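See below for the structure under consideration.
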Amino acid sequence: MTAAVALQGVSKAFGEVYAVRDLDLAIRDGEFFSLLGPSGCGKTTTLRMIAGFEFPTQGSLQIHGVELALQPPNERPVNTVFQSYALFPHMTVEENVGFGLRMKKVGGTEIAERVKKALDMVQLSHRATASPKQLSGGQQQRVALARALVNEPEVLLLDEPLGALDLKLRQAMQTELKDLQTRVGITFIYVTHDQGEALTMSDRIGVMHEGRLLQVGTPQEIYERPTSRFVAGFIGEINLLFATVVDHASVRLAGGRLVAAATGVAAGSEVTVALRPERLELYGLGEVVPATLNAVRGRVTRRVYFGDVFFYDVDTTDGVIEVKEENRPGVDLHEIGEEAVVAWDPVATTVVER
Amino acid sequence: MSGDAGSGHVAAPGGAAAPGGAAARPELEEAARRADSRRGLLIALPAWFYLTLFFVIPLGIVGVYSFATRSSTGRTVLSDWNFDSYRRLWDSLVVEIAVRTLLLALATTLICLVLAYPLAYFMATRRPAVRNLLLILVMIPFWSNFLVRTYAWKVLLGSDGPLSQLSQALGGEPIRLLFTNTAVIIGLVYGFLPFMVLPLYTALERMDWSLVEAARDLYADGWTAFRKVTWPLSIPGVVAGSILVFIPTLGAYVTPAILGGAKTTLAGDYIVSQFLAARNQPFGSALSMGMMLIMLAATIVYFRWFRPSGRDL
């Protein structure tokens with residue numbers, strides 16, 4: 001099966017500066033794909049190249065097997081939901097939604113029907129004759145969605161569409177968007193800097209940094225098996241400890257402690273050990289730590305209460321390690337200044353380049 | 001939830017944003033609005049004073065004079081009120097001058113619009129530093145006297161001027177533009193072009209270009225995107241610029257006096273001649289009042305026609 005969108009060796013330079021460099025990416029038909037990265041990582045430029053607002057300096061860009069790298073936006077089977085929504089202020093909601101169909105010279109009655117259906121889909125039929133200015137941010141967002149989806153594009157591009165909404169609404173819209181994508185079955189390419197959004201909504205995520213695509217994988221792969229220090233650090237909270245590879249199954253932490261970890265690089269290599277705080281457990285000195293676990297001893301220097309969880313900072317000879325413990329019966333509370341042992345399953349140890 | 005690159009720091013689970021603003025209190029808002037408008041009146045007082053002294057009162061005098069009678073010696077007799085001066089406004093000569101003035105103003109406005117829109121568009125789409133430079137360039141002509149610049153055109157357009165010499169050097173006829181309507185239009189366009197450029201630039205500079213991208217994304221080609229989005233959204237600038245050019249052009253005096261000929265008398269010229277040469281203040285006043293009525297009517301029609309709420313034009 002040909003990919004919905006395939007980029008090969010795509011680079012985009014603005015003068016001397018490369019916004020995107022040598023990007024290879026195949027996005028499957030019908031998938032919810034997120035491009036994730038900090039601002040300036042090239043994710044928006046990538047999206048804009050797919051939309052046709054920017055042309056690649058090099059490389060090939062195909063949509064369903066058709067080379068489109070240099071086609072203008074109006075000749076591509078994709079539609080965009082803009083970060084600022086970009087609703088036409090001089091048109092009503094239904095005129096906005098019908099714009100693309102009018103441009104495609106679809107018949108009047110069909111336009112009316114499809115616009116109505118699209119507005120029904122986003123539950124805004126009752127505001128059809130309103131001006132975009134009269135709508136709330138969330139409603140404008142839904143009009144922008146309807147305006148794009150009514151054209152039945154092969155690919156829908158979304159540029160941080162939830163960025164301007166407040167937290168509660170953003171969470172609600174995340175669910176709504178994901179449901180909508182499942183229902184219409186259109187390929188979604190979603191650009192965001194919010195890792196939470198990317199993890200909860202996506203089928204697959206591509207993490208970008210400084211114009212390069214670092215890793216592509218399912219949310220679980222990205223979160224649990226990051227392949228680089230950047231990806232490990234960017235997604236979620238994580239402890240990054242310096243270490244040296246001893247053999248294929250163990251590394252020595254900076255403080256000298258030997259811990260079990262699958263390495264896959266040559267002995268003597270300098271690496272970073274990445275540990276998720278929620279995968280760590282804190283044992284009191286009196287408790288027995290199972291022998292199969294990696295264990296590092298230290299002193300609790302900080303405890304932060306989050307309601308459902310506690311975060312501890314444990315000062316060890318290998319560095320400060322952050323531990324996340326659930327707030328529930330059976331999980332012991334540890335006091336600041338107390339000696340404790342941080343323990344974890346070797347499987348939960350990810351080794352990435354320094 | 002902010003994904004901070006770097007070693008694990010505890011991220012606060014974003015505090016719930018307070019939905020909306022404070023609850024609306026209509027009576028408080030009303031009181032605040034009234035206080036605002038009182039303060040506004042106070043601030044505007046100097047302007048009110050100035051306008052009353054130098055605009056409203058003189059206008060009143062002109063209005064009163066327009067109903068007065070001219071004595072045989074050319075003095076204005078402030079008794080014996082009548083409509084004689086207004087009746088003369090329908091003389092064929094006056095109507096001819098009025099129509100010529102209107103057409104000339106219209107042509108000037110249209111030419112200014114056609115020239116200024118691409119320029120303003122170009123300026124508004126440059127980098128901010130370049131934009132400011134271009135803005136200064138547009139305003140540079142204001143640094144020298146308008147009269148001097150108009151006389152410069154007289155030299156340029158004269159039958160022995162550089163344009164004509166160039167034409168002759170290329171084996172053509174000498175150019176005889178001076179003292180024609182064309183010369184007047186050239187002078188007026190030159191003089192008023194910046195007044196069209198500036199409001200257009202302001203309108204286009206504020207344009208949200210993602211709207212144009214949205215139109216392109218929704219299958220509009222470049223020209224259609226301009227027609228459906230850029231143009232309708234720049235209408236306020238078009239209206240402001242056109243009025244700023246049209247109204248002063250209707251009353252233009254200096255340019256037609258210098259570049260125009262006897263056969264191209266315009267309203268401004270004619271009014272001046274009534275006050276100075278013919279010493280007929282009542283008729284001059286009536287002419288002025290008539291012109292103002294035309295300007296007012298034109299402005300109203302224009303605003304109606306180009307209502308900026310503009311639907312999908």
Residue, farthest from B:Leu250 (Cα to Cα), within region B:181-207, restricted to residues that are within 14 Å of another protein chain (Cβ to nearest Cβ) and in contact (Cβ under 8 Å) with a residue 12 or more places away in the chain: B:Met207
Is region B:267-284 home to any residue that is away from chain A (no Cβ under 14 Å), touching a Ser or Thr at 6+ places or on another chain (Cβ under 9 Å), touching a residue at least 40 places away in the same chain (Cβ under 8 Å) and surrounded by fewer than 17 Cβ atoms within 10 Å (Cβ to Cβ)? yes
How many residues does region A:301-354 hold that are on the phi < 0 side of the Ramachandran plot and either in a loop (DSSP other than H, G, I, E, B) or in contact with a Cys (Cβ under 7 Å, 6 or more places away or on another chain) (or both)? 17
Which condition number in (1) surrounded by fewer than 20 Cβ atoms within 10 Å (Cβ to Cβ); (2) not in a strand (DSSP E or B); (3) not basic (Lys, Arg) is the one that A:Phe230 fails? (1)
Please pick out the residue among A:Gly30, A:Gly98 that is touching a helix residue (DSSP H, G or I) at 6+ places or on another chain (Cβ under 9 Å), of a type outside the set (D, E, K, R) and part of a helix (DSSP H, G or I). A:Gly98
Would you be able to say whether some residue in region A:270-284 is in contact (Cβ under 8 Å) with a residue 40 or more places away in the chain, more than 14 Å from chain B (Cβ to nearest Cβ), under 30 Å from A:Ala13 (Cβ atoms) and not in a loop (DSSP other than H, G, I, E, B)? no
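Specify which of the listed residues (A:Thr46, A:Thr57, A:Thr80) is within 14 Å of chain B (Cβ to nearest Cβ) and among the β-branched types (Val, Ile, Thr). Talk me through it step by step, then tell me what you get.
Numbers: A:Thr46 fails: within 14 Å of chain B (Cβ to nearest Cβ); A:Thr57 fails: within 14 Å of chain B (Cβ to nearest Cβ).
Criteria check complete, one pass: A:Thr80.
Restricting attention to region A:110-118, does a residue exist that is hydrophobic (A, V, I, L, M, F, W, C), under 29 Å from the mean Cα position of the chain (by Cα), buried (at least 23 other Cβ atoms within 10 Å of the Cβ) and away from chain B (no Cβ under 12 Å)? Steps first, please.
Let us first name the residues in region A:110-118 that are hydrophobic (A, V, I, L, M, F, W, C), namely A:111-112, A:115, A:118.
Narrowing the set further to residues that are under 29 Å from the mean Cα position of the chain (by Cα) leaves A:118.
Those left that are additionally buried (at least 23 other Cβ atoms within 10 Å of the Cβ): A:118.
Filter once more, keeping what is away from chain B (no Cβ under 12 Å): A:118.
Yes: one or more hits.
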Residue that is nearest to the other protein chains (Cβ to nearest Cβ), among those in region B:285-306 that are at pLDDT below 90 and surrounded by 11 or more Cβ atoms within 10 Å (Cβ to Cβ): B:Phe306
Of A:Gly9, A:Gly59, the only residue that is in a strand (DSSP E or B) and either of a type in the set (Lys, Arg) or surrounded by fewer than 17 Cβ atoms within 10 Å (Cβ to Cβ) (or both) is A:Gly9
Taking the condition of being modelled with pLDDT under 95 and of a type in the set (Lys, Arg), how many residues in region B:167-224 meet it? 2
Among the numbered criteria (1) buried (at least 16 other Cβ atoms within 10 Å of the Cβ); (2) outside any loop (DSSP other than H, G, I, E, B), which single criterion is violated by A:Tyr85? (2)
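Where residues in region B:70-94 are among the hydroxyl-bearing types (Ser, Thr, Tyr) and out of contact with any helix residue (DSSP H, G or I) (no Cβ under 6 Å at 6 or more places or on another chain), which of them is nearest to B:Met291 (Cα to Cα)? Write out each step before concluding.
Initially, region B:70-94 is screened for residues among the hydroxyl-bearing types (Ser, Thr, Tyr), giving B:71-73, B:76, B:79, B:85-86, B:92.
Imposing the further condition that a residue be out of contact with any helix residue (DSSP H, G or I) (no Cβ under 6 Å at 6 or more places or on another chain) reduces the set to B:71-73, B:79, B:92.
Numbers: B:Ser71: 24, B:Ser72: 26, B:Thr73: 26, B:Ser79: 24, B:Ser92: 16 Å.
Among residues in region B:70-94 that are among the hydroxyl-bearing types (Ser, Thr, Tyr) and out of contact with any helix residue (DSSP H, G or I) (no Cβ under 6 Å at 6 or more places or on another chain), the one nearest to B:Met291 (Cα to Cα) is B:Ser92.
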Would you tally the residues in region A:237-283 being out of contact with any Ser or Thr (no Cβ under 9 Å at 6 or more places or on another chain) and loosely packed, with under 12 Cβ neighbours inside 10 Å? 2
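The values are calculated or read from the model by the stated rules, or taken from the named source; none is laboratory data. The structure displayed is predicted, hence computed values, not measured ones. Note that each Cβ is placed from the backbone with ideal geometry, even for glycine, and that neighbours are counted across all protein chains shown.
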